[in-house]
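Undergrad: One structure coming up, written as structure tokens, with questions to follow.
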Amino acid sequence: MFFTNLLEANMRTKHFQFDMTYYPRTESTSKDLWEIYNITKKNNLFVITDNQMNGKGRGPNTWISIPNKSITCSFLLKQVFNNTNLHSLLIPLAIIKGIKKFTNINLKIKWPNDIVYENKKISGILMQTKKNNANCLFNIGIGINVNEDIDDFPDDLKNNITSLKIITNQIIQREPLLANIFNALDELINNNDENYIINEWIKNCSHINQKINFHYNNKLTSGTFKTINKNGQAVIQNNLKSINYNGVIELL
């Protein structure tokens, strides 16, 4: 069981205190979050579960989580930057910084916001947006593979995903781990430095100057992932053209 009181005891955040809800089992924490928000109109909500049965990924993808071993949660975040694209860079940075502090594991980011270790996925982020008066409110869903063993994963995914336990050969306590992630997020928000967010994202990207496939003008094409620009968009070199891009990429 995930203990929200232990999470709260380890959080040192100044910019947000969550109204927390724990479900032993649920279909989707992101869906639950919107339902609670529609009733309460509170913008500091947090939902976590030990067994998410129908987790969503980007587009048509699903997120597979193992009961009592993963971190699967969603929380609301008020708009921090004028450029809303930067929020999708902010969250993966907080995850890798928080995990680094708690476990000393160096993780990397795959565009736009997957967390990887030696090119194996360890965490995914789903971000949904609603207008809240003049600003945006973000529903941020996080899935992290924490204490899974390799045999917990489907056979067709074993070569592409991993967990913190597999990397360290140790069981990781989930509550202080997640608290460290929120503490890192709070620190990044406190800095309020857009250039720092962009530079840190580039520094921690796993595939700068690598060949990729991406969809452009309704067809699959290839290019080189160069960097991200000041607007938080990927910059892809395609022949002699530089393309600003928001979509999904495939590493080659």
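The values are calculated or read from the model by the stated rules, or taken from the named source; none is laboratory data. Owing to the predicted nature of the structure, the values given are computational and were not obtained by experimental measurement. Note: ideal-geometry Cβ built from the backbone for every residue, glycine included; neighbour counts use all protein chains shown. All accessible areas refer to the heavy atoms of the entire protein, side chains included, with ligands and DNA or RNA removed. Shrake-Rupley method; radii C 1.70, N 1.55, O 1.52, S 1.80 Å.
Undergrad: Need the failing condition index for residue 88 against (1) at pLDDT 95 or above; (2) surrounded by 16 or more Cβ atoms within 10 Å (Cβ to Cβ); (3) assigned to a helix (DSSP H, G or I), just the number.
TA: For residue 88, the exception is condition (1).
Undergrad: I've got another one for you. Residue 25 passes all but one of (1) within 30 Å of residue 155 (Cβ to Cβ); (2) open to solvent by less than 40 Å² (accessible area, probe 1.4 Å); which number fails?
TA: Answer for residue 25: the failing condition is (2).
Undergrad: For residue 138, work out the one condition from (1) of a type in the set (Phe, Trp, Tyr); (2) within 29 Å of residue 32 (Cα to Cα); (3) open to solvent by 10 Å² or more (accessible area, probe 1.4 Å) it doesn't fulfil.
TA: The failed condition is (3).
Here is a yes/no grid of residues against (1) modelled with pLDDT under 95; (2) in a strand (DSSP E or B):
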| position | (1), (2) |
| --- | --- |
| 69 | no, no |
| 73 | no, yes |
| 131 | yes, yes |
| 136 | yes, yes |
| 143 | no, yes |
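Undergrad: Let me ask something additional. Could you give me the residue pairs with C-beta distances under 7 Å whose first residue belongs to region 179-204 and is over 19 Å from residue 83 (Cβ atoms), whose second residue is among the small types (Gly, Ala, Ser) and open to solvent by less than 20 Å² (accessible area, probe 1.4 Å) wherever it lies, and which are 6+ apart or on separate chains?
TA: Within 7 Å, the pairs are 180/98; 181/94; 181/98; 183/98; 184/94; 184/98.
Undergrad: Checking residue 208 against (1) of a type in the set (Val, Ile, Thr); (2) in a helix (DSSP H, G or I); (3) open to solvent by 20 Å² or more (accessible area, probe 1.4 Å): exactly one of these is not met. Which one?
TA: Looking at each condition in turn, residue 208 falls short on (2).
Undergrad: Consider only pairs whose beta carbons are under 8 Å apart and that are at least six residues apart or on different chains; among these, list those whose first residue lies in region 55-84 and is farther than 28 Å from residue 40 by Cβ and whose second residue is among the β-branched types (Val, Ile, Thr) and modelled with pLDDT under 95.
TA: Listed by first residue and then by second, the contacts come to 59/248.
Undergrad: So, one more: Kindly establish whether residue 8 is under 24 Å from residue 163 (Cβ atoms), open to solvent by 10 Å² or more (accessible area, probe 1.4 Å) and of a type outside the set (A, V, I, L, M, F, W, C). Walk me through it before giving the result.
TA: Working: under 24 Å from residue 163 (Cβ atoms): no; open to solvent by 10 Å² or more (accessible area, probe 1.4 Å): yes; of a type outside the set (A, V, I, L, M, F, W, C): yes.
Against the criterion (under 24 Å from residue 163 (Cβ atoms), open to solvent by 10 Å² or more (accessible area, probe 1.4 Å) and of a type outside the set (A, V, I, L, M, F, W, C)), residue 8 does not qualify.
Undergrad: Here's something else I'd like to know. Just checking, how many residues over region 145-186 are open to solvent by less than 30 Å² (accessible area, probe 1.4 Å), in a helix (DSSP H, G or I) and acidic (Asp, Glu)?
TA: Of the residues in region 145-186, 2 are open to solvent by less than 30 Å² (accessible area, probe 1.4 Å), in a helix (DSSP H, G or I) and acidic (Asp, Glu).
Undergrad: Of all residues in region 214-243, how many are assigned to a loop (DSSP other than H, G, I, E, B) and open to solvent by 100 Å² or more (accessible area, probe 1.4 Å)? I'd like the intermediate steps shown before the answer.
TA: Residues of region 214-243 assigned to a loop (DSSP other than H, G, I, E, B): 217-218, 229-233, 239-240.
When the remaining residues are screened for being open to solvent by 100 Å² or more (accessible area, probe 1.4 Å), the result is 217-218, 230, 239-240.
Number of matching residues: 5.
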